[in-house]
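Encoded as structure tokens, the structure appears first; notes follow it.
The values are calculated or read from the model by the stated rules, or taken from the named source; none is laboratory data. Quick caveat, the model's predicted, so the values are computed rather than measured. Cβ placement follows ideal geometry from the backbone for every residue including glycine, while neighbour counts extend to all protein chains displayed. Keep in mind that these areas ignore ligands, DNA and RNA; they rest on the heavy atoms of the full protein, side chains included. Shrake-Rupley method; radii C 1.70, N 1.55, O 1.52, S 1.80 Å.
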Amino acid sequence: MPVKSTAALSRSDLADLNAFRMVERLRSFTKAAVELGITTSALSHAIRNLETRLGVRLLNRTSRAVAPTEAGASLALRLNVGFQEIGDALEEINRLRERPAGRLRLNVLSDGARLIVGRYLPKFLSKYPEVEVEVCVDDRMVDIVAEGFDAGIRFGGSVPEDLVAVKLGADLKWVAVAAPRYLYHRPPLLEPEDLRAHSCIRMRTGQGVIYKWAFRQGKDYRVIDVPGQICVSETTLALELALAGTGIAYCLEDRVKEPLLNGALRVVLPDWSPVEPALYLYYPGHRHMPQGLRELIALLREEIAAEARRVPRQMASGSVA
């Protein structure tokens, strides 16, 4: 069967080459199809057509895995360089625009999604209507470069050292909280070890381990492997269970401001609440910053700083926003 010349690439050729590049990087047709916004069957058909046109197998497929052939690995390596050049060229053009345009992909842990993205992204979207933003909420530690994200939001101390990190606001206080009705008939809590006589809502982190609760009073720092009948993987559910009187939850104080103000939850061991590193936005510094990211960082820092200035005035006047 004659092989089609690749001297002149059509739009279909470029789309299929990009689809192959995505499958080779993610090693999954399912994940690549989601990334590309097409069905798995359409993606599989595109790869088969590409292999037919080139006259060589690019991917080895089994029921459990996808891996490039020698020819596929060689092609993917060169395609990555070529598509990066195309992306850089488009970025150069975009920088000549008066307003940013394009697409930003963010990988954000759940606390960052609730405290940063949900709070401030609407203003960014309104201010820059030509920028599309995709937010992946994921508590796993993700290699944002390998998985195609432009930036991520994580706690300080967990950001890879080879990436640029921008602090978003002040350091954060962690608290243990429970509903008054849970605490009413339970033994008092005077120090962190007293939690071992209570029902705690345990949390499994994105790394797959059960989180141990940290407490600090001056220089006295303690980490408690708390007991509990239930273990969850997200703070929102843990707080819903705490509000229902199921047990004690551990979270950022900023996540429970309203239930603490209205009395639905109370802080236990308040003198032991530790202050830990803030949230950071981070991104790779070795490549051109994508359109909109610089503006997003500026807006987040401006809005967070403005809110920090408002809070002391509200507290002084006795009002609550």
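Give me the one-decimal nm value for the distance between modelled label points at Val34 and Ala197, 7 Å along each residue's Cα-to-Cβ direction.
4.6
If I model a spin label at Arg61 and Glu134 as a point 7 Å from the Cα along the Cα→Cβ vector, what separation in nanometres do I get?
Computed distance between label sites Arg61 and Glu134 equals 2.1 nm.
Along region 257-274, what does the Karplus equation 6.51 cos²θ - 1.76 cosθ + 1.60 (θ = phi - 60°) give for ³J(HN,Hα), rounded to whole Hz, x for Gly and Pro?
Result, rounded to whole Hz: 4, 5, x, 6, 5, 8, x, 5, 10, 10, 7, 9, 6, x, 6, 10, 5, x.
Could you put Glu253, Glu258 in order of accessible surface area, largest first, with the 1.4 Å probe and the full protein assembly present?
Largest to smallest exposure gives the sequence Glu258, Glu253.
Tilt of helix 11-26 relative to the longest C-alpha principal axis of the chain, in degrees (0 to 90, nearest 10)?
Tilt relative to the chain: about 50 degrees.
With respect to the cross-link table entries Lys31/Lys173; Lys31/Lys257; Lys123/Lys212; Lys123/Lys173, which display a Cα-Cα separation exceeding 31 Å?
Listed pairs above 31 Å: Lys31/Lys173; Lys31/Lys257; Lys123/Lys212.
Under 5 Å between amide hydrogens, which residues at least 5 positions from Cys136 or on another chain qualify, with H placed 1.01 Å from N in the peptide plane?
Placed amide hydrogens put Leu106, Asn107, Val108 under 5 Å from Cys136.
Tell me, in nm to one decimal, what length is gained between Arg222 and Ala146 on full extension, where the rule is 0.36 nm per residue of separation less the Cα-Cα distance?
23.8 nm
For the chain, find the longest principal axis of its Cα atoms and tell me its angle to the long axis of helix 293-317, 0 to 90°, nearest 10.
Tilt relative to the chain: about 10 degrees.
In degrees between 0 and 90, to the nearest 10, how far off the longest principal axis of the chain does helix 40-54 point, with axes built from Cα atoms?
The answer is roughly 30 degrees.
Helix-only estimate, please: 222 nm mean residue ellipticity of the chain, summing -39500 (n - 2.57) across DSSP H runs of length 4 or more and dividing by its residues, to the nearest 500.
-11500 deg cm²/dmol
For region 133-177, with every protein chain kept in place, what is the accessible area per residue (1.4 Å probe, Å²)?
It amounts to 45 Å² per residue over region 133-177.
What is the gain in length, in nm to one decimal, between Ala308 and Tyr184 on full extension, counting 0.36 nm per residue of separation less the C-alpha to C-alpha distance?
Contour length minus Cα-Cα distance gives 41.2 nm.
What is the gain in length, in nm to one decimal, between Leu14 and Leu125 on full extension, counting 0.36 nm per residue of separation less the C-alpha to C-alpha distance?
Result: 36.9 nm gained on full extension.
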